[in-house]
Every structure is written in structure tokens, then in C-alpha cells.
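Trainee: So that we are looking at the same thing, I have put the structure below in C-alpha cells.
The values are calculated or read from the model by the stated rules, or taken from the named source; none is laboratory data. Note that the coordinates shown come from a computational prediction; the quantities given were computed from them, not determined experimentally. Heads up, the Cβs are rebuilt from the backbone with ideal geometry, glycines too, and the neighbour counts pull from every protein chain shown. In case anyone asks, the SASA skips ligands and DNA or RNA and just uses the protein heavy atoms, side chains included. Shrake-Rupley method; radii C 1.70, N 1.55, O 1.52, S 1.80 Å.
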Amino acid sequence: MLISQLQKLAQALMAIAITSPAWAGNLSIVIDDFGYRPTQEQQVLQMPAAISVAVLPNAPHAREMATKAHQSGHEVLIHLPMAPLSKQPLEKDTLRPDMSAEEIARIIREAAAAVPYAVGLNNHMGSAMTSSLPGMQKVMQVLSHYNFYFLDSMTIGNSQASRAAAGTGVKVVKRRVFLDDSQNEADIRVQFARAVHLAQRDGSAIAIGHPHPSTVRVLQQMLPTLPADITLVRPSQLLNEAQLVNPAPLPSDGKTRPLKPRNPFRGGAVCRVKVVPVPATRALKVISDSIESNQMVQEISKKLSVKFHF
């Protein structure tokens with residue numbers, strides 16, 4: 001009887017293995033500021049097609065690099081300048097919270113014309129703009145007419161992009177890691193490893209970098225060594241996934257460790273469960289019967305029985 005139950009369990013598990021995709025963390029990498037450095041940018045375009053690029057609409061090589069990126073299979077975003085909180089010279093057509101809806105619509109319209117094949121938009125700088133709910137509501141209303149998604153570069157913690165997008169149909173994803181705040185290669189490697197660990201821990205992560213020579217070198221070295229449980233994806237592939245953001249910091253040594261279980265009932269004792277031994281034959285029967293009763297497993301099992309004569 002035990003042998004029979006083991007055979008039934010093995011058959012059911014094989015059916016599950018065939019129909020269930022392997023778990024993988026999804027990592028998205030976006031390279032900003034495209035359109036100014038054709039040499040380094042061309043090196044980025046030789047990387048896996050899942051690496052996406054964000055093109056500054058007023059850059060001298062914007063149209064050229066957006067077209068080349070699209071032809072190479074890379075996803076293209078508009079890297080739109082938005083006003084920062086810091087005092088510094090603003091680029092042409094930088095979005096500001098006090099702009100009218102008509103002016104914002106004009107700037108986005110011209111940016112879309114300058115960056116062909118774009119499917120999304122992310123902010124260049126923008127701490128003042130993205131933290132303004134009225135300002136971002138005007139942006140999202142315009143984006144809803146283009147079917148663009150918005151990648152929030154998260155240049156400020158209290159970004160209002162997600163709130164502003166509510167009811168517009170515009171989908172928002174968020175940056176988790178900046179790869180190259182420091183252009184030191186060792187620092188970039190640390191940030192790359194951090195992005196990988198976040199993707200493994202939380203299921204997905206988006207990292208943003210720039211076409212600096214040091215960043216390009218690190219990506220060339222580290223992309224071929226990605227762990228087997230990490231899949232490179234475009235940002236658009238994360239739009240319909242729940243972005244599970246675990247606020248717990250990663251360990252300082254860069255290695256993930258399981259979090260200790262926490263009692264959710266404040267001040268109450270943890271309930272103890274009395275464990276009663278169950279005979280192996282009984283446990284196997286319960287497991288195999290439960291799996292066998294699944295309709296999809298039944299269909300797969302029938303096909304396997306015909307093919308392999310179980």
C-alpha cells in the first residue's frame with residue numbers, strides 16, 4: 001500500500017512540476033540620461049535587450065539613440081526633466097508644479113515627438129515636482145492620453161506620483177536602487193548586488209543607472225554572472241505585478257537572512273500548538289489524495305499516464 005501511495009504522489013508531483021514555473025526574482029535595470037554620450041550608450045545597447053533606456057528629449061542625439069535602442073530590442077522611456085527642490089539652473093522645458101495643465105501637455109507632447117518608440121516616462125531630478133500632488137495630477141492626466149506608464153525615480157521619499165495616478169489609468173512603478181550615485185566601480189558593484197538581493201527578497205526590484213564608463217564596465221562584468229534565480233525584465237513587465245516592498249533593511253554584509261517570526265498580537269503570548277505524531281502512511285495518503293483531487297493535476301496525470309504508461 002505504501003509503494004502504491006508513493007507512486008501516486010510521485011505522479012502528482014511530476015504534474016505540478018511540469019505546470020508550475022520556477023520562482024525567480026525579477027530585476028529591471030534602466031539607464032537614464034541617454035542622448036548625450038553615443039559611445040557609452042552604444043555599449044549599453046549591446047547588453048541584453050531587457051536593459052531599458054530613458055532618453056532626455058532635448059539631448060542632441062535623442063531621436064538617434066531612441067531609434068537605435070528600439071531597433072536593438074530595448075524598451076524606451078522619456079527621461080523628462082522635472083524641477084528639483086535644490087537651487088540650480090533648470091533645463092529647457094523642465095516641469096514645475098506651478099505650470100498650467102496646457103503647458104505641461106505641450107512639453108510632454110513635444111517630448112513624445114522627440115523620443116520615438118517610448119512606452120513610458122520617468123523623471124529626471126524632480127524632487128519639487130514629484131512631491132507636489134497638484135503638479136503630478138496634471139502630469140498623470142496628460143500621460144493617460146498616451147498610454148505611457150510612469151517610472152518614479154524616487155528622488156524624494158514623499159513622492160505623490162502614485163496618489164496622483166489614482167483614477168487616471170496610468171500605472172506607476174518605483175525605483176528601488178540607484179546604481180551609481182558614486183562612480184567608483186566598487187560602490188557600483190555593491191549597489192548592483194543590493195538590487196539583486198532586493199529582487200530575490202521581494203520578488204522584483206528596479207535599479208537606475210547612467211551611461212558613465214564605470215557603470216558600463218560594472219554592468220558588462222556583472223550581468224553575465226547574475227544568479228540563476230534572477231530574471232532580467234523590462235519595467236513594463238512589472239506593471240501588473242504586486243510590488244512587494246519589504247521595508248526591512250538588507251544586512252550590512254549584503255547577504256539576505258530570513259526575518260525572525262514576530263507575534264502580531266501586542267502583549268499577548270504566542271499560541272502554542274501541540275504536535276501529534278501522524279503515521280507516514282496516513283500522511284502520504286492525505287497529501288496524495290489532496291493533490292490528486294486538483295482538476296488540473298488530474299488532466300495532466302491522464303496525459304502522463306498515456307505517454308509514460310504509469
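Trainee: Taking amide hydrogens as modeled 1.01 Å from N in the peptide plane, which residues meet the under 5 Å criterion relative to Gly25, leaving out close sequence neighbours?
Mentor: Hits under the 5 Å cutoff: Ile230, Thr231.
Trainee: Among Ile78, Tyr117, Gln88, whose Cα projects farthest towards the positive end of the dipole of the range 72-156, with charges put on the beta-carbon of Lys, Arg (+1) and Asp, Glu (-1)?
Mentor: Farthest along the dipole direction, towards plus: Gln88.
Trainee: Whose amide H sits under 5 Å from the amide H of Gly209, counting only residues 5 or more places off or on another chain, with H placed in the peptide plane?
Mentor: Amide H neighbours of Gly209: Val30, Ile31, Asp32, Leu179.
Trainee: Between Glu185 and Gln46, what length in nm is gained on full extension when 0.36 nm per residue of separation is reduced by their alpha carbon distance?
Mentor: 48.1 nm
Trainee: Grab the eigenvalues of the alpha-carbon gyration tensor for the range 25-237, scale each by 5, take roots, and send me the semi-axes largest first in whole angstrom.
Mentor: Ellipsoid semi-axes (Å, largest first): 27, 19, 16.
Trainee: Same structure again: So for Lys68, Lys138, what's the accessible-area order with a 1.4 Å probe, most first?
Mentor: Lys68, Lys138
Trainee: Using a 1.4 Å probe and ignoring any ligands, DNA or RNA, find the accessible area of Met47 and quote it in Å² to the nearest 10.
Mentor: So the heavy atoms of Met47 present about 20 Å² to solvent.
Trainee: Quick one: what are the phi-derived ³J(HN,Hα) couplings along the range 146-152, Karplus 6.51/-1.76/1.60 with θ = phi - 60°, whole Hz, x for glycine and proline?
Mentor: Working through the residues one at a time gives 10, 6, 8, 8, 10, 9, 7 Hz.
Trainee: Taking the mean number of other Cβ atoms within 10 Å as a proxy for protection, how do you rank 75-88, 157-170 from highest to lowest?
Mentor: Descending packing order for the listed peptides: 75-88, 157-170.
Trainee: Still on this structure, I have one more. Under 17 Å from a point placed 7 Å out from the Cα of Glu110 along the Cα-to-Cβ direction: which residues of the range 42-79 have their backbone N that close?
Mentor: Under 17 Å, as judged by backbone N against the label point of Glu110, lie 56-63, 78-79 of the range 42-79.
Trainee: Subtract the Cα-Cα distance of Leu85 and Asn147 from 0.36 nm times their separation in residues, and report this length gain in nm to one decimal.
Mentor: Length gained, Leu85 through Asn147: 19.5 nm.
Trainee: Where the only charges are on Cβ atoms (+1 Lys, Arg; -1 Asp, Glu), what is the dipole of the range 25-237 about its Cα centre, to the nearest 20 debye?
Mentor: I would put it at about 260 debye.
Trainee: In addition: In the range 25-237, with Lys and Arg counted as +1 and Asp and Glu as -1 at Cβ, which of these residues, Met222, Gly35, Ser131, has the Cα nearest the positive end of the dipole, that is, farthest along it?
Mentor: Ser131
Trainee: Sticking with this structure for a sec: List the aspartates and glutamates whose alpha-carbon lies under 16 Å from that of Lys68, not counting same-chain residues fewer than 8 positions away?
Mentor: Partners within reach: Asp32, Asp33, Glu41.
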